[in-house]
Amino acid sequence: MFTRSDTARLKQDLLLKAKLMNVDLQLNTRWGVFSPRVIDDGTELLMKHITVDSDDICLDLGCGYGPIGLAIAKHCDKGEVHMVDKDFVAVELANQNAKLNNIGNAKAYLSDAFRQVSKEVKFDQIISNIPAKVGREQLSIILYDAFDALKPGGRITVVTINGLRDFIKSNFKFVFGNYKKIKQGQKYVVSQATKNID
């Protein structure tokens, strides 16, 4: 139990230090956002199996306070990273963290999945740590929107709990016509699909 006098301390931002894709990051987090004290195991697994080109245009879908998007942005320094989340606190923190880490090619903005993402922008990569509680209907919407948002040859890479593995596999095959299991861990699996060039 916390007393009223504890709340002033609890309201202060937390500072998290992380190393993702060999990038050292300092990240401001806050109680109420996903995994505020440590980088979660799913994100850790995903980031060990992501590669980006220096001029890639990427989307971090459901960015939280920004660890995925910011680490990627350091590797695509001639490209850009869009970071979106439906939580305004997460978006605020992600933009703060971009400034804190001197990353100028990543910007976070409020969007419920792809709703506020410009249809004019086409991505080389879409990367996401998809929460299990999103629901199968929303996941289906996300996959079709991701297909439309990718350039030909672009790819989507997601990490999910193992319980969603078969759903992701069948839906990647249905929407994209292909599926690749990148890595499976004890609790999480990293999956990828490519928008094939016709």
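Of note, Val117 satisfies the criterion of being surrounded by fewer than 24 Cβ atoms within 10 Å (Cβ to Cβ) and out of contact with any Gly (no Cβ under 9 Å at 6 or more places or on another chain).
Scanning for something outside any loop (DSSP other than H, G, I, E, B), touching a residue at least 12 places away in the same chain (Cβ under 8 Å) and touching a helix residue (DSSP H, G or I) at 6+ places or on another chain (Cβ under 8 Å), does segment 3-14 turn up at least one residue? Taking every residue of segment 3-14 in turn, none turns out to be outside any loop (DSSP other than H, G, I, E, B), touching a residue at least 12 places away in the same chain (Cβ under 8 Å) and touching a helix residue (DSSP H, G or I) at 6+ places or on another chain (Cβ under 8 Å).
Filtered by the rule that a residue be within 25 Å of Lys187 (Cβ to Cβ), polar (S, T, N, Q) and not in a loop (DSSP other than H, G, I, E, B), segment 22-81 gives Thr29, Thr43. Answer yes or no as to whether Val84 is part of a helix (DSSP H, G or I), in contact with an Asp or Glu (Cβ under 8 Å, 6 or more places away or on another chain), of a type outside the set (Asp, Glu) and surrounded by 19 or more Cβ atoms within 10 Å (Cβ to Cβ). In short, no. Please pick out the residue among Asp53, Asp41 that is among the charged types (D, E, K, R) and either closer than 18 Å to Asn105 by Cα or crowded, with 20+ Cβ neighbours inside 10 Å (or both). It is Asp53. Please work out if Lys169 is loosely packed, with under 13 Cβ neighbours inside 10 Å and assigned to a helix (DSSP H, G or I). Judged against the criteria, Lys169 is not a match.
The one condition from (1) crowded, with 17+ Cβ neighbours inside 10 Å; (2) assigned to a strand (DSSP E or B) that Tyr109 does not meet is (1).
Just one of the listed residues (Ser111, Ser140) is at pLDDT 95 or above and out of contact with any Phe, Trp or Tyr (no Cβ under 7 Å at 6 or more places or on another chain), and it is Ser111.
Considering only residues of segment 120-149 that are surrounded by 14 or more Cβ atoms within 10 Å (Cβ to Cβ) and β-branched (Val, Ile, Thr), which is farthest from Val33 (Cα to Cα)? My answer is Ile141.
Of everything in segment 140-166 that is in a helix (DSSP H, G or I) and of a type in the set (Val, Ile, Thr), the residue that is nearest to Val52 (Cα to Cα) is Ile142.
The values are calculated or read from the model by the stated rules, or taken from the named source; none is laboratory data. Note that the structure is predicted; figures quoted are calculated from it, not measured. We place every Cβ from the backbone using ideal geometry, glycine too, and count neighbours over all the protein chains shown.
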